[in-house]
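The structure under discussion appears below in the form of structure tokens.
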Amino acid sequence: MNSLPVAVQTFGLLTLSNVFMTWAWYGHLKTLGDRPWWIAALLSWGVALFEYLLQVPANRIGFEGGINLAQLKIGQEVITLAVFVPFSVFVMQQPLKWDYLWAGLCLLGAVYFIFRS
């Protein structure tokens, strides 16, 4: 994995981490709606463990490799939207909205400003 560029390692791991995070935060709404909230919380906590097992090394690789804290955060937000929209549409059967596009464009602006220097 060390032969991959730092940005690829960092944002690749953050993308995988975000898949787990999205399932932990929202997957229970579809799969555990008939169970008590505390069961959903415990299972979500278990899923979130895998998020952290990927997210912590990703942020360390990126930070130690020259990606600053603001760049890590903005990158994470872009990844969050990129993972959340397909999850929302395909898994949760929510309608695709123009607001997702506008939010994405705002995040692209944030990426430009945070990475331009």
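Every number in this text was worked out from the coordinates using simple rules, so none of it is lab data. Computed from a prediction, not measured in an experiment: that's the story for all the values here. FYI the Cβ positions are ideal-geometry reconstructions off the backbone, even for glycines, and counts take in every protein chain you see.
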Helix 98-115 sits off the longest principal axis of the Cα atoms of the chain, rounded to the nearest 10 on a 0 to 90 degree scale, by 30
With Cα coordinates, the longest principal axis of the chain makes an angle with the long axis of helix 6-22, in degrees rounded to 10, of 10
Computed for region 6-115: size of charge dipole around the Cα centre, +1 on C-beta of each Lys and Arg, -1 on C-beta of each Asp and Glu, debye to nearest 20, value 80
Fewest to most Cβ atoms within 10 Å: ARG35, ARG116 sort as ARG116, ARG35
hull vol. (C-alpha, convex hull) per residue for the chain, Å³ -> 108
If GLU64, GLU51, GLU77 are placed from fewest to most neighbouring beta carbons inside 10 Å, the sequence is GLU64, GLU77, GLU51
Simple SL model, points at 7 angstrom along Cα→Cβ for MET92 and TYR52; separation in nm is 2.3
In nm, the gap between the two label points placed 7 Å beyond Cα toward Cβ at LYS73 and ARG116 is 1.9
